[in-house]
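See below for the structure under consideration.
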Amino acid sequence: MKKLLMLLLFTFSLASSASSLEDKCFDSQEEFNSSHLNFSKRTNYGLGKNIEEGLEVSTISIEEAHQIFNLLKSKKYIPYDYKKVGCEARAHEMVKIMDRMCLTSAKAFLVGDISYKGIRWNHHVAPILNVKDEDKIIPYIFDPSVSDTVTTLEEWTEKLKRGKLLGYYKLNITNQYIYMPEDTEIGREKYKLKDTIKTKLGLGLFKTYETVDELPEDIIHLLKKVIK
């Protein structure tokens, strides 16, 4: 009985902690510029980079970054384990959760021949926040589909590039409203209703098939149509 009571108290404390974090309003921003992409020669090789002009991103501590990552990961309705398609919907939902905490996030779109755990992508996207590390500001990525914890943008980029010596990749850093890589050419200053609808439909469909290893081609085609 005592163990059960302790378990219930622990579960309640976790729920309360997550709730209090979501109620918190972070309000510290830094301009995102080329100095934030001071990557190693290995990561820079074959990598083009583009940063949206005038982009500002919230700055938090590394402890807060881990807390926010765990909060995002705890959202069971977001199908992080369904990796074949749907990164756009997952990223869009995550930035909206961050919005509610007064966090101004950005998105990182890596475009190129990406292969992750046997899955091929022509692009992948996840949200970014800045993390203050002593006198440095380092962009961190929030991507529970690829990592078990928050990681630096450089580590995420290198992981998806897989250290390829051949091939060309483009890293686009955009505001949180951009949904697809091609939207960067048009620009966004607010959320589009159609992107919100695609996100909700996509999350529901992807959650349904999250535990399925192989899907019929017609279902995959439908899933792709939902997000485009």
For the range 92-216, give the percent of accessible area contributed by carbon and sulfur heavy atoms, probe 1.4 Å, rounded to a whole number.
-> 53
The rounded separation in angstrom of the Cα centers of the range 24-73 and the range 166-185 is 15
Against the 2.2 N^0.38 Å rule of thumb, the C-alpha Rg of the range 97-205 sits at a ratio of 1.12
Once both labels are modelled 7 Å past Cα along the beta-carbon direction, what's the ASN44-THR196 spacing in nm?
-> 4.2
Label-point gap, in nm, between ASP81 and ARG188 - each point 7 angstrom along Cα→Cβ = 2.8
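The values are calculated or read from the model by the stated rules, or taken from the named source; none is laboratory data. What you are looking at is a predicted structure, and each value in this text was computed from that prediction instead of being measured. Backbone-built Cβ (ideal geometry, glycine too); neighbour counts: all protein chains shown. Surface accessibility is based on the protein's heavy atoms, side chains included, excluding ligands, DNA and RNA. Shrake-Rupley method; radii C 1.70, N 1.55, O 1.52, S 1.80 Å.
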